[in-house]
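The values are calculated or read from the model by the stated rules, or taken from the named source; none is laboratory data. Not measured: the values here are computed from a predicted model. Cβ coordinates were reconstructed from backbone atoms using ideal geometry, including for glycine residues, and neighbour counts include every protein chain displayed. Note: accessible area is taken over every heavy atom of the protein model, side chains too, but ligands, DNA and RNA are not part of it. Shrake-Rupley method; radii C 1.70, N 1.55, O 1.52, S 1.80 Å.
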Amino acid sequence: MALRRMPVRRLSGAVAGTALLMGGLVALTAPAAQAGTVTPTVHCVLPAGQGEATGPQSMSVTLTPADAAPGTQVHAVVTLGTGPANSTVSLNDVPTTPSIDLAMSGGATGTVTITGPQTLIDTVSGQPVQIPTYEGNFIVPNNAQGLVSFTPTRTVTYTTVFGSNYTTPCNVVSGSGSIGTVNVQGPGSEQPTLSSPTGTARPGYELAFSGSGFPASGAATPELCATGGGACVFGAFTTNGLAISAQGVLTGNAKLATSGIPDGAYEVRVTSGTKVAASPLTIQAFVQSGPRVAATNPTSGPIGTVVTISGSNWTANRAMNVDAALADGTVAGFPVSFTSSPDGNFSMQYTIPDLAGITQLRVREGTSSVNRMFLPFTVTVVQPSVLANPQVSHRNGTVSLSGANWPAGSTPTAALCDTAGNNCNAASLTNSTLAVAANGTLSGSVKVGGTVAFGNYTVKVTSGGLSATTALKVQKNWISLSPSTGPIGTKTWITGKDNANYAWIKLYGVNAAGQKTGDYNYAAADGAGNWITWMYLNDPTTVAIVAEETFNSSVKASAPFTYTP
């Protein structure tokens, strides 16, 4: 709804303080001649701890039409006189929404609420607040019949000051009376039905509603009111996802506000056009009992670990945050914000930042230095890994190296060491293409030197201050595949070097576990120990070919093969 700007006097002084709009009201336009007027004594409770005020206030309401059918709409024009409360500060352009509750008697019972449009108001310190005469509508109960009299029971002013919402109720304590009547005659129109969740709801809950008999494809507006209607809570629903189908069926959800709703028994009223349906709803805010609870899962891990932090018995609907902290409680400066549930619970995820000295995670409500917890967390160092392929090579052979958990962006080097990882010689491995990716993955290859002695070794990779080793055997005999990749059914030529003179050679495939597969063949070496043959690879589990001397099974060589689509 667009805001109306009242032609009231503009204040020239600077805005000062944070006091809120009071309940006293002065009308700017004269009431209609036919309006009923009463001047009851009202008691106003001012917001933000500003106190209370009691005194007379005139109330004039004009109702049209004078005759109405049950379940139809009545229009009201409301003019309020000066109330007992004065503003304590001068403010400009305060968004203000007024309302009045009228109790019905005679041909109907219950309460109706008339709410005016939101208007920008200026306030003057020490003076009553001025708002315009306002207009609104209500629906006559469907079971009303005969002359219905309307009596003011309270006024409510809703204001927004510096981004916060406030309510000022002024309840009639004595001296009220009827301000007018409406003659209700005729049969009542059929009203829709509404179903709301059973049990107790909490502020902040998202509630599912259903119903039928509403105007086809109409707009549905939910309200939270006192049982029997009236005393509706302004802004009780912060989201409205209700929809009415072409058949008049209501479905959807509406979310309760997280604050401003007192505990109690209410009814949810859904209005569409001149149709309204109500359903009972009990609201009770979550109340903490006992200490706050929070836990992490896992409780340790390396930098980059995603930790799930869950908690219960915290303040409901509260802005919260998590940050990593050092042993002395100093936070890392990597906060993640979230909001607790209407039941005071939460579950969120936090990624351990790359910062030395982290020993705990701080969970807290807002900026509180009291409502918080420090949860221990141990940052571990994950050792990097390296794997050689093949693990048996030869002089001038190319060996691929792969691994994980290496420092991102670091520059790796490789050296050939003894089986204990000592006596390393970087010159024994040449033509390095090793690199570490941003995710810590190691990849690349090295070439075995042409004068390296045959025997068992380890390849030691060092990068970013970390190191890891993997076994490598350098032997005289070796094989190569051409091609070394292809689909199932590939014919690959296998060349063998430096076996025993005239040795018989047994060839077979192996899987990732080193077990023999269904691929096999044979070959015979010449007088120099060299040989060549071919082989069809049909077993999809084959990852390498092994060439083994038939009469000396300890003499083996292997070469990898990769299947491609």
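Structure data summary
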quantity: Carbon + sulfur, % of accessible area of segment 463-565 - ligands and nucleic acids excluded, 1.4 Å; calculated: 55 percent
quantity: Within the accessible area of segment 275-324 (1.4 Å probe), percent carbon and sulfur; calculated: 55 percent
quantity: With every protein chain in place, segment 137-273: carbon and sulfur % of accessible area (1.4 Å); calculated: 51 percent
quantity: Taking segment 139-206 and dividing mean pair separation by its residue count, relative contact order in percent (alpha carbons under 8 Å, at least six apart); calculated: 38 percent
quantity: Scattering profile of segment 110-262 at q = 0.09, 0.17, 0.18 Å⁻¹ [log10 I(q)/I(0), Debye over alpha-carbon scatterers]; calculated: -0.39, -1.27, -1.35
quantity: Farthest toward positive dipole pole in the chain [+1 Lys/Arg, -1 Asp/Glu at C-beta], among P65, Q185, A408; calculated: A408
quantity: Long-range amide H partners of L472 with built H, under 5 Å; calculated: Y457, T458, V459
quantity: Global form of segment 492-565, assessed from the alpha-carbon gyration tensor, a/c cut-off 1.5; calculated: prolate
quantity: Centroid-to-centroid separation of segment 79-152 and segment 415-465 [C-alpha atoms, Å]; calculated: 84 Å
quantity: The chain: relative contact order as a whole-number percent, Cα under 8 Å and 6+ apart; calculated: 8 percent
quantity: For the chain, accessible area per residue (1.4 Å probe, heavy atoms of protein chains only), Å²; calculated: 46 Å²
quantity: Among (1) 26.5; (2) 40.7; (3) 37.8, the entry derived from the coordinates for mean projected area of the Cα convex hull in nm²; calculated: (2)
quantity: Rounded to 5, percent antiparallel among DSSP beta bridges of the chain; calculated: 90 percent
quantity: Rounded to 5, the percent of DSSP beta bridges in segment 455-565 classed as antiparallel; calculated: 95 percent
quantity: Distance from segment 350-380 to segment 174-198 (C-alpha centre basis), Å; calculated: 56 Å
quantity: Cβ-derived FRET efficiency at R0 30 Å, Q247 paired with Q145, nearest 0.05; calculated: 0.50
quantity: Peptides ranked, highest mean first, by Cβ atoms within 10 Å: ranges 311-317, 481-487; calculated: 311-317, 481-487
quantity: Exposed-loop-free span, longest in the chain, where trypsin sites (Lys or Arg not before Pro) count as exposed if DSSP calls them loop and at most 10 other C-beta atoms lie within 10 Å; calculated: 11-565
quantity: Where the Cα pairs of segment 176-283 fall when distances are cut into 10 Å bins, in %; calculated: 14, 44, 29, 12, 1
quantity: DSSP-defined beta bridges in segment 235-383 - what % are antiparallel, rounded to 5; calculated: 95 percent
